[in-house]
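Worksheet for the structure shown next.
The values are calculated or read from the model by the stated rules, or taken from the named source; none is laboratory data. Keep in mind the model is a prediction, meaning the values are calculated, not measured. Methodologically, a virtual Cβ is constructed for each residue, glycine included, from the backbone with ideal geometry; neighbour enumeration extends over all protein chains shown. Side chains are part of the model used for accessible areas, which takes the heavy atoms of the whole protein and leaves out ligands, DNA and RNA. Shrake-Rupley method; radii C 1.70, N 1.55, O 1.52, S 1.80 Å.
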Amino acid sequence: MTKTLKYNIFILISTIARNIIEVFSSVFLYKLGYSIKDIMLFYFLLYLISAFTNVISIYLINKINYKYVLVISSLIYSYAFYFLNNMTPNLFSLIIFSILLGLGSYSYHSIRHYMAIKVIDKNKRIDIGNILIFTYIAYMISSYIGAFISNRFGLIYVVIIIFILSILGIIPLITLDNLINREKIKFNNITFNKHKLLFFIFEQFKVIFLILQPLYLYLYVEKNMEYIGLFNIIMGLSSIIFVYFFVRKIKVNKYFWLLNIIFCIILILKLNISNNFIMLMIAFLEGLFSRMYEVVSTENLYDIKNGNVSSYLIIVELIFCFTNSILYLIFYIFNININIIMYICIGGILISGFVRYKNAFKIN
């Protein structure tokens, strides 16, 4: 079994565990009685905590075996949703949940990205395509199962599944200890041109759009989490079709600006539809174009040659987390309606396409 396949199996299992209920976090909070403004505060705190978690987790994997960090991460992550299942809806509980989820989530994401950079071979486009396919399969499986089990049996059973799968996901990594080299964290040799930095910033509008999408669907289309799971299944299917059949043939980077405009048009159309069936058709189109976007952003994220991976990931993740945190803080302070937030995100996505097209990214 190759190192890439072992990593992809880890991605499949761990992504199922990590998305089986997290995708519905905003919906659960809303059902508990939190307002849209409260949920914006939650995500502001979540990403603020995640920024510091990223630094700590990368520091730890350069000191101790990364599998220990993953076990601790799985424990905290599982407990976060156990806490959600039992929390009293007040500000203090919201803060505690954001801290737990930030610690449990980003201690995992840092290791995931670190290992991806290490396993990607010279066939970069193919390796990234395979990683994304395994990720989308996991998204398809996880979201519907999470909605089904929580609706019929309760959230506590989902928490148990999360922990079991999180631990099982570590097993394929047992023989990959040599992937992570102990590095001294230093930032003096890592620079970004302004276009790469701008793309990293504007890319976060797409991240926010997708994070808030389940809540938007719940509020304006169908108050049923299983429907949201079905929506994600259709998105996942079209995503796999795009990555498997088209990503190797279409010059995505060359036509990214044009494809991104079409993507934004689809998202605008989506915000003006409330019919359940037509929305599922939109899900298929959204899956195609959102994954086109993700192929480009993933290639850029993992584009590092002969650099200090730990230092690079700390900088990049800090950009991601602080950008998200600032945007959510703005949405919270001005109490912006979720409809308006989604349109703002589409505007940011549109700008990112032209930023990306203007100049190829290189790490100096």
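Of note:
- Residues of segment 29-65 that turn out to be aromatic (Phe, Trp, Tyr) and buried (at least 23 other Cβ atoms within 10 Å of the Cβ), as a count: 2
- Residue in segment 335-342 that is out of contact with any Lys or Arg (no Cβ under 8 Å at 6 or more places or on another chain), without any contact (Cβ under 8 Å) to a residue 24 or more places away in the chain and on the phi > 0 side of the Ramachandran plot present: no
- The residues listed here are Ile319, Ile330, Ile349, Ile314; of these, the one that is part of a helix (DSSP H, G or I) and free of Cβ contacts under 8 Å to residues at least 60 places away in the same chain is Ile330.
For every residue, the table says whether it meets (1) in contact with a Pro (Cβ under 9 Å, 6 or more places away or on another chain); (2) open to solvent by 30 Å² or more (accessible area, probe 1.4 Å); (3) more than 28 Å from Phe10 (Cα to Cα); (4) modelled with pLDDT of 85 or more.
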position	(1), (2), (3), (4)
Thr135	no, no, no, yes
Tyr144	no, yes, no, yes
Leu155	no, no, no, yes
Asn188	no, yes, yes, no
His195	no, no, yes, no
Leu230	no, yes, no, yes
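- Among residues of segment 264-278, those that are in a helix (DSSP H, G or I) and closer than 14 Å to Glu222 by Cβ, counted: 4
- Taking every residue in segment 78-104 that is among the small types (Gly, Ala, Ser) and pairing it with any residue that is open to solvent by 60 Å² or more (accessible area, probe 1.4 Å), at least 6 positions away or on another chain, the pairs with Cβ-Cβ distances below 6 Å are Ser78/Phe163.
- Among the residues of segment 1-21, those that are closer than 20 Å to Ile208 by Cβ and buried (at least 23 other Cβ atoms within 10 Å of the Cβ) comprise Arg18, Ile21.
- Residues in segment 17-55 that are in contact with a Gly (Cβ under 8 Å, 6 or more places away or on another chain), at pLDDT below 95 and of a type in the set (Val, Ile, Thr): Ile20, Ile21, Val23.
- Flag if Tyr82 is open to solvent by less than 10 Å² (accessible area, probe 1.4 Å) and not acidic (Asp, Glu): no
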